[in-house]
Amino acid sequence: MATGAGMWGLLLASCLVLLALLALAALAVRDPQPGVDRRVLRAEADELAAEAAAIAEAAAVAHVRAEQARRVAAAAEQDRDAAWQRQEAAGARYQQALRSARQRRPAAAGTPTVPAQHQRDVSRAALTAYRRGEISVQQLRQLWRRAGDPDPAGHDLRDALDRAVDQRRAADHAARREHDVLAATARRAAETARIAEVAAGALAAEAVAAAAEADEAAGYADRADRDRRRR
């Protein structure tokens, strides 16, 4: 954005200098000194016309770029709004997962005598061994009791609920990051469009002024030519 602003600033400064030169040249044409060659006046008028045409071309280019910048800014704003909707939806799903986990989470039975993670690991391993037929149901229950977990199924449900919450939380954070990135992009695009519009407006005004100066200079040169033919 700083680079774009600097570019437009240099362009405007250049056009202002050119406009000042145009004014000086037009003044010279309007107030020629005695004995000045009329061909010089015509050449200066033609130069003013060429310079005015250059400013008009720069103004036209600036107008096109401003239109492009406005379209980019509008698209960036739409992307930001869509990201906001996705963020809102992801946040709602995350909150719903939290509420569901609180409502469905089974209460822990008793105070565990071993660390919770170790308790869950032992319970899962015992359940897996039972499902493979490696231990009997009596052995399974004994392992559960030794692990201090009379309800490993409750742990499975709690783990499933925790995973669901973690997934929703990750999706919510991702949506927030996406929105933040697109919001920053939209702000930069809006600022670029604003700078482009200001530059285009200034160049358009300069083009009008330069054209008026060139027309006036051409009129004086034409009058000088007519005066010479009358003599």
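The values are calculated or read from the model by the stated rules, or taken from the named source; none is laboratory data. None of these values were measured; they are calculated from a predicted model. Positions of Cβ are backbone-derived with ideal geometry, glycine not excepted, and every protein chain shown enters the neighbour counts. Accessible surface is based on the protein model in full, side chains and every heavy atom, while ligands, DNA and RNA are left aside. Shrake-Rupley method; radii C 1.70, N 1.55, O 1.52, S 1.80 Å.
Tabulated data
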quantity	calculated
FRET efficiency, 1/(1 + (r/R0)^6) with R0 45 Å, evaluated for V61 and V40 via beta carbons	0.90
Distance (nanometres) between label positions extended 7 Å along Cα→Cβ at A205 and R163	6.6
Stretch gain in nm, segment E191-W84, where the contour uses 0.36 nm per residue and the Cα spacing is subtracted	36.5 nm
Heavy atoms of E67: accessible area, 1.4 Å probe, square angstrom to 10	70
Exposure ranking of Y220, Y94 by accessible area [1.4 Å probe, largest first]	Y220, Y94
Using a Förster distance of 41 Å, the FRET efficiency for A92-A125 (Cβ separation, nearest 0.05)	0.65
Inter-label distance, nm, simple model (7 Å from Cα along the C-beta direction), E47/V198	3.3
